[in-house]
Amino acid sequence: MDNPVRCSWCLKDPLYIRYHDEEWGVPVRDDRKQFEFLVLESAQAGLSWLTILKKREAYRRAYRDFDPAMVAQFGQDDVDRLMNDPGIIRNRKKIEASVRNARSFLQIQKEYTSFSRYLWEFLGDTPLVNSWTSLDQIPAETELSRKISKDMKKRGFSFLGPVIVYSHLQATGLIQDHLTSCYRYLALKE
C-alpha cells in the first residue's frame, strides 16, 4: 500500500511504524505473546514505547524468549543477571515484578487453562472496537482496565496498574484503538 494513513503516534521511527502496521491492535490469543507484552508494558512504565521496542530483542534473550514457566523459576542470581544486562531496563522493582508476575501468570493458566482465556473473558471473547477520530480522545485508562488491574493485583501481579493494563489491552488487540482514519482500523474491523 502506497502512503497509507496511519495513527500519528507511530510516524517518528521505522520500527514504530512496523510495530503499528503488524502488531498493535492485532488480537492475541497466544499465552507466550501475552506474557511478552505484560513484561514489556510493565518495563515501559515512565518511558517511551519506542525505547522498549528498541530493546525488545535483548528482552527476548534475557527473558528466555518470554517463557513464563522459565521466568517464574528465576531466582536472585537471575535478577542480578538482569540488573547487569545493558540491553534491558535495569530497574530492580520492574525486574522483580516480572518474576512475580510470571508466577501469577502460571496460576491463572492453571485456573483458566490459558491466560488469554482469562483476559478475553473480561470482554466476552470479543474485541472492543472504539471509533476515535483523534489521539486526544483515547483514554489512558478505563473502567475495564481498572477492573482487570484490580483483579490481577488480587492475584499477585504488580507493576500493572490500570494505565499499563489499558496499554496492554490495546497492544494485544482486546481493545481496538486505531483511529478511524488509519488504514489498520479498517483492516482489523474486517
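For the reader, a short list of remarks on this structure follows.
- Flag for F37 being at negative phi, not charged (D, E, K, R) and not in a helix (DSSP H, G or I): no
- Among the residues of region 75-83, none qualifies, meaning not one is under 18 Å from the mean Cα position of the chain (by Cα) and either open to solvent by 40 Å² or more (accessible area, probe 1.4 Å) or of a type in the set (F, W, Y) (or both).
- Yes/no for R64 being open to solvent by 30 Å² or more (accessible area, probe 1.4 Å) and within 14 Å of A102 (Cβ to Cβ): yes
- In the set (1) free of Cβ contacts under 8 Å to residues at least 24 places away in the same chain; (2) within 20 Å of F66 (Cβ to Cβ), the condition left unmet by S149 is number (2).
- Listed by position, the helices (runs of 4 or more DSSP H) enclosed by region 101-190 include none that has at least 3 residues that are at pLDDT below 95 and open to solvent by less than 30 Å² (accessible area, probe 1.4 Å).
- Residues of region 17-32 satisfying the condition of being in a helix (DSSP H, G or I) and either at pLDDT below 95 or open to solvent by 60 Å² or more (accessible area, probe 1.4 Å) (or both): R18, E22, R32
The values are calculated or read from the model by the stated rules, or taken from the named source; none is laboratory data. What you see is a predicted model; the values in this text were computed from it and never measured. FYI the Cβ positions are ideal-geometry reconstructions off the backbone, even for glycines, and counts take in every protein chain you see. These area figures cover heavy atoms from the full protein model, side chains too; ligands, DNA and RNA do not enter into them. Shrake-Rupley method; radii C 1.70, N 1.55, O 1.52, S 1.80 Å.
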